[in-house]
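J.: Quick one: this structure, given as structure tokens, is what I'll be asking you about.
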Amino acid sequence: MSAPLRVLALHGPNLNLLGRRETAIYGTTDLATLETDLRALAADLGATLESRQSNHEGQLVDWIQEAEGAFDGLLLNAAAYTHTSIAIRDAIAAVRLPCVEVHLSNTQAREPFRHRSTLAPVCVGVVAGFGPSSYALGLRGLIDYCRAPERDSP
Ligand code: DQA
């Protein structure tokens, strides 16, 4: 049997407040619950999942850089940095690990400044609008992509 795929899930600023932050938009599931559910799904799909959160752009850049060689793919909710961070975009492009961008809310249905993602062009896919299910769908997509990248490449 092949070795389990190693996925690194990264959560950006303010996602540590999930469960009590703007619950009408982000729901009532807290980050710890989301991480536990995601780890269980990863195990079902034959993968391991490590999950980290930071409010700091440079920390996210460091973790993305360090992921090369240690992980097979990235599941990323960069939160507000999605819309602003050239540094995170460049880090994703630099490490050549497949990255799936996820969002709890449907960013396209919200304020205009959330419509643009600086990260999406260097990601293999984006899932948004399904609450915690965005992470589950993104994880499934990432694992499928890691197993057969040539089949899923546009
Ligand atoms: C978010 C959407 C972003 O626009 C916002 O800044 C967040 C959360 C989401 O998961 O819906 O913090 O990434």
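J.: Could you identify the single residue in Ala70, Ala43, Ala32, Ala79 that is under 24 Å from Ser105 (Cα atoms) and surrounded by fewer than 16 Cβ atoms within 10 Å (Cβ to Cβ)?
T.: Ala32
J.: Output the qualifying pairs, or none if there are none: Cβ atoms under 7 angstrom, residues six or more apart or on different chains, first residue in the range 43-54 and under 19 Å from Leu17 (Cα atoms), second residue of a type in the set (D, E, K, R) and surrounded by 13 or more Cβ atoms within 10 Å (Cβ to Cβ).
T.: The qualifying pairs are Ser51/Glu35.
J.: Another one. Could you grab me the full set of residues in the range 54-67 that are of a type in the set (S, T, N, Q), closer than 10 Å to Pro13 by Cα and open to solvent by 50 Å² or more (accessible area, probe 1.4 Å)?
T.: Hit for the range 54-67 is Asn55, nothing else.
J.: Another one. If we keep just the residues of the range 8-46 that are touching a Ser or Thr at 6+ places or on another chain (Cβ under 7 Å) and aliphatic (A, V, I, L, M), which is farthest from the ligand (Cβ to nearest atom)?
T.: In this case the residue turns out to be Ala42.
J.: Considering Leu31, Leu38, Leu5, which residue is of a type in the set (A, V, I, L, M, F, W, C), under 18 Å from Ala128 (Cβ atoms) and touching a residue at least 24 places away in the same chain (Cβ under 8 Å)?
T.: Exactly one of Leu31, Leu38, Leu5 is of a type in the set (A, V, I, L, M, F, W, C), under 18 Å from Ala128 (Cβ atoms) and touching a residue at least 24 places away in the same chain (Cβ under 8 Å), namely Leu38.
J.: Can we say Tyr145 is touching a residue at least 60 places away in the same chain (Cβ under 8 Å), aromatic (Phe, Trp, Tyr) and under 25 Å from Ile25 (Cα atoms)?
T.: no
J.: Report, by residue number, each residue of the range 47-88 that is away from the ligand (no atom under 16 Å from the Cβ) and in contact with a Ser or Thr (Cβ under 7 Å, 6 or more places away or on another chain).
T.: Ile86
J.: If a residue has to be farther than 15 Å from Asn77 by Cα, within 13 Å of the ligand (Cβ to nearest atom) and among the acidic types (Asp, Glu) to count, how many in the range 89-134 make the cut?
T.: 1
J.: Residues to consider are Gly58, Gly141, Gly131; find the one that is among the small types (Gly, Ala, Ser) and at positive phi.
T.: Selected residue: Gly131, the only one of Gly58, Gly141, Gly131 that is among the small types (Gly, Ala, Ser) and at positive phi.
J.: Residues of the range 121-140 being under 19 Å from Ile64 (Cα atoms) and in contact with a helix residue (DSSP H, G or I) (Cβ under 8 Å, 6 or more places away or on another chain), which ones?
T.: Hits for the range 121-140 are Pro121, Val122, Cys123, Val124, Gly125, Val126, Tyr135, Leu139.
J.: Look at the range 99-154 and say how many of its residues are of a type in the set (A, V, I, L, M, F, W, C), in a helix (DSSP H, G or I), open to solvent by 50 Å² or more (accessible area, probe 1.4 Å) and closer than 18 Å to Leu34 by Cα.
T.: Selection size over the range 99-154: 1.
The values are calculated or read from the model by the stated rules, or taken from the named source; none is laboratory data. On a predicted model such as this, the values are computed, not experimentally measured, just so you know. Cβ atoms come from the backbone with ideal geometry, glycine included; neighbour counts cover every protein chain shown. The protein model used for the area step is the full one, side chains on, heavy atoms only, and it has no ligands, DNA or RNA in it. Shrake-Rupley method; radii C 1.70, N 1.55, O 1.52, S 1.80 Å.
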